[in-house]
Amino acid sequence: MSAHSSGAWQMLKQFVKAYPTRSAVVVVALVIASILDGLGLSMLLSMLNLATGDTTDPSLPEQWALSLTEWMGLTPSTAVLLSLGVTLIAVKAVFVLLANRQVGYTVAHVATDLRLNLIRAITNSQWRYYISQPVGRLSNALATEAHRASEGFYHGAVMTTQFINAAIFGALAMLISWQATLIALACGGLLLGLLHTLITIAGRAGRDQTSLLKQLLSVMTDQLGAIKPLKAMAREDHIDALMSAQTKDLKTALKSQVFSKAALIALQEPLLAILVATGFFFFVVKMGMNMATVVVMIFLIARAINHLAKAQRAYQHIAISESAYWSLRETTDLALSQREPGQGQQTPSLNQGIEFEDVMFQYDQAPTLNRLSLAIPAGKLTVITGPSGSGKTTVIDLVAGLLQPSTGDIKIDGQSLRDLDQRQWRRLIGYVPQEALLVNESVFYNLTLGDEQLTETDAHQALKMANALDFVDSLDHGIHTVLGERGGRLSGGQRQRLAIARALIQKPQLLILDEATSNLDTASENAIIETVNALKGRLTLLAVSHDQSMIDIADQHIHLVGGQRQ
């Protein structure tokens, strides 16, 4: 068995293991549907032989049909057999619909669960791992790979359906003439086996697409994020040059996939038609079977082989999609392996302050922080300054528990941060980044982020504390005004005050401001400084800033150089 074949079957095995009940319902419904279809066709076979007057040696399926008719207390006439056959086939359609409904539900569950598993794994991973992941690659996994993987389950269900139908029709044909059926099925299987190379080509094309889409979307996300400076410098052709080679490779893989799928269909149909015509001649001329029986035999065998052909096409789709499933699983498993270390058990508080005791931290070789000791008193404003690379952001990340010291310790009210429940500690933190990240939703949603436990009263209190209530009330729909893409309807200062309000709405004990005034005009900057000054004494404030006005209102100013306090 080839590697891609093994991977495809393993993928289907994982799906059945994850959704055993739904998979069982699908299989049971399909088996019942196929049995009803077979009985219906047996009724029609009996009707045909009865109509032609050939009732001397009924086949086993005909005997079953006649016995069922008699058991129901009916006379096996042409009209009765026709009515029962049509009814059974109609009921079969109901079971097929039930199976397809379960397949549709499960496909939706597969895609959703794969996405949620990845999102949870990524969001629960260590911060150093999280920031190292290309956004485009994760977006591709969530959108493209999850969708293609869920299609693998769908085509697996289709393949199962076709195999069950082929088995039922093949069994019925063998009950009429097992010798003729075995010869026909062997020839049909040989023809389909000759076309297996097209499945190998499609699987290789699918794996190429998965790899190329990862690279392409990763590069594209990064480049489009920097489109403004590139366009301003007339260097947008750089994006085209960077992505053209990958786009051409992706086109080649797609052409190979489309060709192999089309070729499989194009070659299957004439080969099967030749097989049917040859079988008809062989059964009538060489085996001397009567015309009515031969017609039914050819019909049953043709249906069986046609279902096998459809199963082969479904397997081709599985071969195309299975690489996306394993790529997504690999991304999820890697994120799970980078899960944050186990949390402490102690309940945090912030009544005294935060202490760094001989803290060292390094990303690579050179330490970012070098035996740093400092104290951040509770209820005060501490401002940290320093040149780029001096360790300012690292201090913030360590305080939030996003990073762990290489050596030394960080204590919160005398308790080691390692011993605290990390999630509870972070619940006590409000964080305001350099750029306010707002979405195209209402002010209320941007403050609560969809948390149903937060009310409009909470939002108004947070806006008041952030000195933002007046301008929000002046908007067209107040707190329910939609802000536009990235909060485009607001000024920079207004966006930043909303970011402060969002940080305050959870009533934190520590407010972290990471260069919160660096991109603002003087008036907006002064408004933020005024807001921060008003918050002094109400909670602990830790700010990274080069703004002299922020330094002027600070209770403590810490200047870092080379990871050490100066």
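The values are calculated or read from the model by the stated rules, or taken from the named source; none is laboratory data. Small disclaimer: the values here were computed from a predicted structure and weren't measured. No Cβ is skipped: glycine too gets one built from the backbone with ideal geometry, and neighbour counts run over all protein chains shown.
Would you mind stating whether LEU398 is farther than 28 Å from GLN496 by Cα and crowded, with 17+ Cβ neighbours inside 10 Å?
no
Being among the charged types (D, E, K, R) and over 23 Å from LEU535 (Cβ atoms) narrows it down to one residue among ASP413, ASP458, ASP421; which is it?
Going through ASP413, ASP458, ASP421 in turn, the sole match is ASP421.
Just the residues that are assigned to a helix (DSSP H, G or I) and either in contact with a strand residue (DSSP E or B) (Cβ under 8 Å, 6 or more places away or on another chain) or free of Cβ contacts under 8 Å to residues at least 24 places away in the same chain (or both), please, taken from segment 485-499.
Answer for segment 485-499, where residues must be assigned to a helix (DSSP H, G or I) and either in contact with a strand residue (DSSP E or B) (Cβ under 8 Å, 6 or more places away or on another chain) or free of Cβ contacts under 8 Å to residues at least 24 places away in the same chain (or both): GLN496, ALA499.
Checking VAL472 against (1) under 35 Å from the mean Cα position of the chain (by Cα); (2) surrounded by 15 or more Cβ atoms within 10 Å (Cβ to Cβ), which single condition isn't satisfied?
Every condition holds for VAL472 apart from (1).
Looking at (1) of a type in the set (Val, Ile, Thr); (2) within 30 Å of LEU118 (Cα to Cα); (3) assigned to a strand (DSSP E or B), which is the one condition that is false for THR331?
(3)
To keep it simple, each residue is scored yes or no on (1) over 15 Å from VAL399 (Cα atoms); (2) of a type in the set (Val, Ile, Thr).
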site	(1), (2)
GLN345	yes, no
MET360	no, no
SER373	no, no
ILE384	no, yes
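Condition test on LEU447, is it of a type in the set (A, V, I, L, M), at pLDDT 90 or above and surrounded by 14 or more Cβ atoms within 10 Å (Cβ to Cβ)?
Considered against the rule, which asks whether it is of a type in the set (A, V, I, L, M), at pLDDT 90 or above and surrounded by 14 or more Cβ atoms within 10 Å (Cβ to Cβ), LEU447 comes out as no.
Let's see how each residue does on (1) without any contact (Cβ under 8 Å) to a residue 24 or more places away in the chain; (2) crowded, with 21+ Cβ neighbours inside 10 Å; (3) under 39 Å from the mean Cα position of the chain (by Cα):
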position: THR331; (1), (2), (3): no, yes, yes
position: GLU340; (1), (2), (3): no, no, yes
position: GLN352; (1), (2), (3): no, no, no
position: MET360; (1), (2), (3): no, no, yes
position: LEU372; (1), (2), (3): no, yes, no
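Of the residues that make up segment 400-413, is at least one out of contact with any helix residue (DSSP H, G or I) (no Cβ under 7 Å at 6 or more places or on another chain), modelled with pLDDT under 90 and part of a helix (DSSP H, G or I)?
no
Scan segment 548-566 and report the pairs whose first residue is over 14 Å from VAL395 (Cα atoms) and of a type in the set (D, E, K, R) and whose second residue is surrounded by fewer than 16 Cβ atoms within 10 Å (Cβ to Cβ) and modelled with pLDDT under 90, with Cβ atoms within less than 9 Å and a gap of 6+ or a chain change.
ASP555/LYS536
Across segment 500-510, what is the number of residues that are aliphatic (A, V, I, L, M), touching a Ser or Thr at 6+ places or on another chain (Cβ under 9 Å) and assigned to a helix (DSSP H, G or I)?
Adding up the residues that qualify gives 1.
Can you go through VAL96, VAL103, VAL86, VAL135 and tell me which one is buried (at least 20 other Cβ atoms within 10 Å of the Cβ), modelled with pLDDT under 80 and on the phi < 0 side of the Ramachandran plot?
The unique qualifying residue is VAL103.
Within segment 102-121, can you find the residues that are free of Cβ contacts under 8 Å to residues at least 60 places away in the same chain and among the hydroxyl-bearing types (Ser, Thr, Tyr)?
If the condition is that a residue be free of Cβ contacts under 8 Å to residues at least 60 places away in the same chain and among the hydroxyl-bearing types (Ser, Thr, Tyr), then THR112 is the only one that fits.
Every residue in segment 551-566 that is surrounded by 14 or more Cβ atoms within 10 Å (Cβ to Cβ) and hydrophobic (A, V, I, L, M, F, W, C), please.
ILE551, ILE553, ALA554, ILE558, LEU560 - these are the residues of segment 551-566 that are surrounded by 14 or more Cβ atoms within 10 Å (Cβ to Cβ) and hydrophobic (A, V, I, L, M, F, W, C).
Look at VAL544 and say whether it is farther than 30 Å from PRO387 by Cβ and not aromatic (Phe, Trp, Tyr).
Against the criterion (farther than 30 Å from PRO387 by Cβ and not aromatic (Phe, Trp, Tyr)), VAL544 does not qualify.
For LYS380, work out the one condition from (1) farther than 29 Å from HIS559 by Cβ; (2) surrounded by fewer than 21 Cβ atoms within 10 Å (Cβ to Cβ) it doesn't fulfil.
Tallying (1) farther than 29 Å from HIS559 by Cβ; (2) surrounded by fewer than 21 Cβ atoms within 10 Å (Cβ to Cβ), LYS380 fails exactly one: (1).
So, in segment 73-86, of the ones that are in contact (Cβ under 8 Å) with a residue 12 or more places away in the chain and under 19 Å from ASP37 (Cβ atoms), which residue ends up farthest from the chain's Cα centre (by Cα)?
Ranking the candidates gives LEU81 first.
So, VAL359, is that one in contact with a His (Cβ under 9 Å, 6 or more places away or on another chain) and not in a helix (DSSP H, G or I) or not?
no
Out of all the residues in segment 374-404, which are of a type in the set (D, E, K, R) and out of contact with any Phe, Trp or Tyr (no Cβ under 9 Å at 6 or more places or on another chain)?
Correct list: LYS380, LYS392.
Give me the residue from segment 383-395 that is of a type in the set (Ser, Thr, Tyr) and under 19 Å from GLN126 (Cβ atoms) and, out of that set, surrounded by the most Cβ atoms within 10 Å (Cβ to Cβ).
Among them, the one singled out is THR394.
Does ALA501 fit the bill of being within 22 Å of ASN440 (Cβ to Cβ) and hydrophobic (A, V, I, L, M, F, W, C)?
yes
Could you check how many residues of segment 294-325 are farther than 21 Å from LEU190 by Cα and surrounded by fewer than 20 Cβ atoms within 10 Å (Cβ to Cβ)?
Qualifying residue count, segment 294-325: 1.
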